[in-house]
C-alpha cells in the first residue's frame, strides 16, 4: 500500500510545524531582547540573535541527520548513548567550565556545550529501553528501584554541578512510570508529599503533624475492615517525619536565596516592608518580568517596541525570561499563542505516543511529553510568578545552542520513531 | 485511565497560565503611555519666554537663565551630604526636610530640590554634579525685569501649584507659570510650548540613547513677544506721584480703550519676586496688611465714587427727559427732601443750571435731578431698574472684561436691591437720594470710573479697556476692538462736557489748569468710615478725580483715587493735571504742583486708625 518513496516523508507534520513556529517566534523575541541600538545586523555572530540564527541553521542539519538514521538504531544503542551521556556529565568535574556558579559547560574553542541538555534525551531513551524490556515489570519493587536509579544518576550528577533547575526536570519521569503501571500508592504518596510540604511550611510542622495523625487515625477507626495497626502506625510516622523533615530541610539545607523564593511564593513573610524589599532585591528578575508582561496589555507594544525589553530591565531576558519579551511586545495575544502552541504540541505528542505499536516508542514519546511539559510549566510559571524561581529554559524558545539542540534531538527522535510505526509489525 | 493523568495536568496548567496572563495583561493592565513609562526618561527643553514691551517699544521684561537642582529620590545613592549642602548653601536639616518632602511627593518623579541657583552657585556645582546620583540640573528661564515699575501690571511667574499641575497636563512639578498681571493673562502666548526628548534608560538608570531615534521628540516653540498698552514713562511718573500715598490711577486712551497707565500704590519692585529670595520677599509683601502692596488698587479698590458720579446721574436724567440743560434750581446751601430730610451743599449757593451745577459740584442740583428722574415712574422699583441699566451701560456694576485676571464688580443698585432692604416696599426717590451724589449704595473701582470717563470723552461709547497692544504674529481679541455703546444719546454729552470744562474755569478745580491744554474734569470727595473697637468711625475723605483731555480730541481719560486724601482737587486733581501734562506734552511745566505732590506723604493719615488714640480728620 505504501510506496517506498513516501516512507521518508511520512513524518508527523503537525508536530514539525508547531516546532518551526516555536523556534521562529522564539528567535524574533531573542532578537528583540538582545539587540542594541537601532540597526540590526542579522549575521552579527557576536550578538545572541546572530548566534541563535546560526544555531537554528545547524539544527536543520541535526534534524536531517536524526531523521535519516534507521529508527531501530535508537532502541539498540540507547544503553550506549545513555552511558556516553553520563560519562560526559562526569567529565564536567574534570574539565567543566564554571558559568554563573554552575559547572555545566564544556568550552570547546569559542563555543560552550552543556551536556545536561543532551542527557535528557539519553535518559529518555534509557528509560524507554528499560521499561520496554519484556522482563521489566514496574509493579515489581526491584524494577522500580532500577528505574529510579536510571533517572537518579543524571539528576544527582547535575545537582552536584550546582544546576538545581535542570535536576528538577527528572521528576517528570514520574508521569512515564505511572503511565506504564507504577502502583497508585506512589501517586498518593507524591500528592501527600506535596501537600505535607506546603502545609508544613505554611502552617508549621507541629500543626501539620497533628492534623495528619488525626486524619489517619480517623481513617483507621472508621474503616469496616480494620487495616493492620502496623500500617497505620507506619503511615503516621511517615507523615510526622515528612512534616518535620521538610521544615528542617527548608531551614537548614536550602540556601538563603532558595528560602526566600519559597518564602515569597508561599507568602510566609508577613512584614510588608520585608516582602517589598525581597521582591525588589532578591526577586528583581521576577519583579521586572511581571512588570514587563503586564505592561504589554492586550496586544502588546509591538515588535522591537518594548521599552522595558529595549532598556534591558529584565536580566537574562533572552534566556530564561524570554517569555516576558513575548508578554511586553506581543501582549496577551502573543502569550496565549505561545501557551496554546505548547499545549497543542504536548497533547499531540501524547496522542501519538498512545498510537505507538512498540512499547519503546510509546515510553519514549511519553518521556518527551513529560520533559517538555516540565520545562513549559516551570519556566512560564516562574516568569509569571506562579511558582518559585527555578532557572530552566523554555524549550525551542530560549537562547542557547545546547538547549535548542537537546530539545530538537529529544523531539525528532520521537518523530522518527513515530514515522516508522506503520511498518513495525 | 492512567493515560489521562498527564493529559489532564497539561490542560490544567495551560488553562491556569492563560487565566494568569489574562489577569496580568488584560484585567490588571494599564494603558501604556510614554509619559508614564519609567523605562523612558523625559527631558524637557524649555523655550524662551516671550518678552514684554511697552507701547513705545521699550523693553520691560526679558529673561535670565536659572538652574534648578532636581532630585529623583529613588535614584539617589549615598553621597557626601556635607559637601553637597555647602555647594547648595543649605544645612543638613534642610537637606533632610527637602528630601523627605520630595520622597513623599513621589520616589520616582523628579522634584525640585533647590530652585533657582545663581550663575555662580551653578558654576561651582556643575563640575561636581556627576558625583551625586539621582540629582540633576534643570535649566529654566527666569524673568529679568528691565524696570522697577508696573509690578501689578507685569505680574510675576512662579512654580505651578499642585492644583495647576493636576488640572493642566502641560505643567510638571517645578514648571513656572504666570501668576498675576500680563504673565497670567497671556501665559499661553508668553510661555511657548516646551519641547520633550524621550530617552531610553536601562535598568541601571543609564541613558542608552534617544528612544526610537527621537521620532517622538518635539522641539520647543518660542514664546511670543507681546507689547502692552502701558506707557512706561507715564506709569513711572504716576507711581512717583503716588509714592507715600495709597490709591490708584487708571489712564485710558478713549479712542482705543488701551490702558496707558495702571498705577497702584503702594507698589513694589518686580525684581523682588525673582530668584531664590522670591519666597521670602513674597511672604513679606503678603503679610504687609497695612500697605497691602500685592493688592492692585486700580482694579480692586471698590469705593463710593463721590461727586464724579453726578456727571452720570445728570446724563441719565437728560436721557430720561427728567431735566433739560436749561433746568435751573436755586441752591440755598441745603437741600430739603421728604418730611425731615436735608442734604448739605458746599457750592456756595445761587442759581444753578446743569453746566454750572457740574462746575460747582452742587449737591442740591443733582439730588433734584435724580429725584425727578425716579419720580417719572409711579413705581420707584421700575424707575431704579431703568436708571440702573443706563448706569451699567457705562460699564459700572459689573466686570468690565479687561484682560487682567482680577477685578471687582462694584455695585449699581436696582429696584430689587432696595426691595430686599425695605421688605415693605416703602421706599422712594428720597430714601435713596444719596446715590445722586455718589455716596449711597453705589460702588465703583478706579478702572470703571476711568472707563466711564472715556465714554464721556467719546460722547457715548467705549472700548473695553485692555492692557494688550500687540501679540507677535496674532491679532488681539476682537472684543477689544468692538465699540460698546452706552444708552445715552450723543447730544446729551455736549452740555455735560461743557460743565466738566468749566470745572477748570470757574469751578472746583480752577487752580489746576494745565497751560495750553483744555482739560475736562470733575472733583470728588467721598466720606468714608471704618470700624475701630466696634465703633463706626469717620476717616478723612477720599480724594477722587476724573478727567480727560484735550476737550475736543480726547487722547487720555483717567481716574485718580487717593485714599484719605481729603477733597478731590487737593491731591487727586493735582495728580490728574500732572499726568495729563506729562502724557500730552512729554514733560511737566507745573513744577511747583509736581513738587507739592511728590513731597506729600499721607502715611500719618493712614496710621491714625491704628494709633489707638483719638484723631481729627479732614485737616
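A few points about this structure:
- Residue count for the stretch A:186-220, restricted to those that are within 14 Å of chain B (Cβ to nearest Cβ) and within 30 Å of residue A:359 (Cα to Cα): 5
Per-residue answers, yes or no, for (1) crowded, with 19+ Cβ neighbours inside 10 Å; (2) modelled with pLDDT of 85 or more; (3) within 14 Å of another protein chain (Cβ to nearest Cβ):
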site: B:14; (1), (2), (3): yes, yes, yes
site: B:21; (1), (2), (3): yes, yes, yes
site: B:30; (1), (2), (3): no, no, yes
site: B:33; (1), (2), (3): no, no, yes
site: B:50; (1), (2), (3): yes, yes, no
site: B:59; (1), (2), (3): no, yes, no
site: B:63; (1), (2), (3): no, yes, no
site: B:76; (1), (2), (3): no, no, no
site: B:79; (1), (2), (3): no, no, no
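- Count of the stretch A:12-38 residues which are farther than 24 Å from residue A:301 by Cα and either touching a residue at least 24 places away in the same chain (Cβ under 8 Å) or within 14 Å of chain B (Cβ to nearest Cβ) (or both): 6
- Considered as a group, the residues in the stretch A:175-185 that are in contact (Cβ under 8 Å) with a residue 24 or more places away in the chain and assigned to a helix (DSSP H, G or I) include one that is farthest from the chain's Cα centre (by Cα), and that residue is A:179.
- Among the residues of the stretch A:354-378, the one identified as facing another protein chain (nearest Cβ under 9 Å), closer than 17 Å to residue A:132 by Cα and buried (at least 22 other Cβ atoms within 10 Å of the Cβ) is A:366.
- Residue identified as over 30 Å from residue B:213 (Cα atoms), part of a helix (DSSP H, G or I) and facing chain B (nearest Cβ under 7 Å) among A:347, A:341: A:347
- Exactly one residue out of B:209, B:247, B:195, B:214 is over 21 Å from residue B:470 (Cα atoms) and in the same structural domain as residue B:584 (by TED's automatic domain parsing), and it is B:247.
- Considering the stretch A:385-405, and only residues there that are more than 14 Å from residue A:165 (Cβ to Cβ) and buried (at least 24 other Cβ atoms within 10 Å of the Cβ), the residue that is farthest from the chain's Cα centre (by Cα) turns out to be A:399.
- Checking the stated criteria, residue B:283 turns out not to satisfy the condition of being surrounded by fewer than 23 Cβ atoms within 10 Å (Cβ to Cβ) and in a loop (DSSP other than H, G, I, E, B).
- Wholly within the stretch B:149-235, strands (runs of 3 or more DSSP E) carrying at least 2 residues that are surrounded by fewer than 23 Cβ atoms within 10 Å (Cβ to Cβ) and within 14 Å of chain A (Cβ to nearest Cβ): B:195-201, B:207-210
- Residue within the stretch A:313-323 that is surrounded by fewer than 21 Cβ atoms within 10 Å (Cβ to Cβ), within 14 Å of chain B (Cβ to nearest Cβ) and outside any helix (DSSP H, G or I) present: yes
- Positions within the stretch B:102-127 being assigned to a helix (DSSP H, G or I) and more than 33 Å from the chain's Cα centre (by Cα), in sequence order: B:102, B:103, B:104, B:120, B:121, B:122, B:123, B:124, B:125, B:126, B:127
The values are calculated or read from the model by the stated rules, or taken from the named source; none is laboratory data. Values in this document were obtained by computation on a predicted structure and should not be read as measured data. So basically every Cβ, Gly included, is an ideal-geometry build from the backbone, and we count neighbours across all protein chains shown.
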